[in-house]
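The values are calculated or read from the model by the stated rules, or taken from the named source; none is laboratory data. Predicted model only: the values in this text are computed from it and were never measured. Here the Cβ positions follow ideal geometry from the backbone for every residue, glycine too, while neighbour counts run over all protein chains shown.
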């Protein structure tokens, strides 16, 4: 995992292969294939661990502000530190069933599990619409911003990402009396 993440930082997603990962980590390609079905699967697991570890979930303060700030921070991680890896991995895994399963298992599922309490806390505070499905809320909060990041991959405007998240979250708000 460490070797894969080092290669991702140094050469990017397109610059690595099973052979390069094997060489960098000092194991054979056969050993890698014993544990992962493809490059995409290895990258999904390695990148997913780093991305999930980077999440800092606040447990106090205003739940809605925390939700917005954490969402923007998570997207900022992708846009500044490793955005190209994220989008290239997403595209590659969408075309490969094994990669897609690893992307779900090691990237999406752990992040959603980590973020779910943040969304649940905002819902429990009464700031989000009653009966809102937390999984749907996460999709809404992240979906438009991820699409925006894809469009602005070369020069990310973080203010526009924050604005996109704020507008997305507004649709989840409870009606004010």
Checklist (1) loosely packed, with under 13 Cβ neighbours inside 10 Å; (2) without any contact (Cβ under 8 Å) to a residue 12 or more places away in the chain applied to residue 135, failing item
(2)
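I'd like the full set of residues that are without any contact (Cβ under 8 Å) to a residue 60 or more places away in the chain and either crowded, with 18+ Cβ neighbours inside 10 Å or touching a helix residue (DSSP H, G or I) at 6+ places or on another chain (Cβ under 6 Å) (or both), limited to the range 138-147. Give the steps one after another, and end with the answer.
Here is the first cut: in the range 138-147, the ones without any contact (Cβ under 8 Å) to a residue 60 or more places away in the chain are 138-140, 143-144, 147.
Within the range 138-147, 138, 140, 144 qualify.
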Within the bounds of the range 41-48, is there any residue that is closer than 21 Å to residue 149 by Cα and more than 15 Å from the chain's Cα centre (by Cα)?
no
Of (1) at pLDDT below 90; (2) closer than 29 Å to residue 49 by Cβ, residue 119 fails just (1)
Could you run through the range 15-29 and say how many residues are over 21 Å from residue 97 (Cβ atoms) and either part of a helix (DSSP H, G or I) or modelled with pLDDT under 95 (or both)?
7
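Considering each residue of the range 2-27, count those that are surrounded by 14 or more Cβ atoms within 10 Å (Cβ to Cβ) and touching a residue at least 24 places away in the same chain (Cβ under 8 Å), and give that number.
Residues flagged as surrounded by 14 or more Cβ atoms within 10 Å (Cβ to Cβ) and touching a residue at least 24 places away in the same chain (Cβ under 8 Å) within the range 2-27 amount to 6.
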(1) over 29 Å from residue 173 (Cα atoms); (2) at pLDDT 85 or above; (3) buried (at least 19 other Cβ atoms within 10 Å of the Cβ); (4) under 15 Å from the mean Cα position of the chain (by Cα) all hold for residue 94 apart from (3)
Is one or more of the residues making up the range 31-39 touching a helix residue (DSSP H, G or I) at 6+ places or on another chain (Cβ under 6 Å), surrounded by fewer than 19 Cβ atoms within 10 Å (Cβ to Cβ) and at pLDDT 85 or above?
yes
Yes or no: residue 72 farther than 29 Å from residue 24 by Cα and at pLDDT below 90?
yes
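Within the range 115-128, how many residues are touching a helix residue (DSSP H, G or I) at 6+ places or on another chain (Cβ under 8 Å) and surrounded by fewer than 17 Cβ atoms within 10 Å (Cβ to Cβ)?
Counting residues in the range 115-128 that are touching a helix residue (DSSP H, G or I) at 6+ places or on another chain (Cβ under 8 Å) and surrounded by fewer than 17 Cβ atoms within 10 Å (Cβ to Cβ) gives 4.
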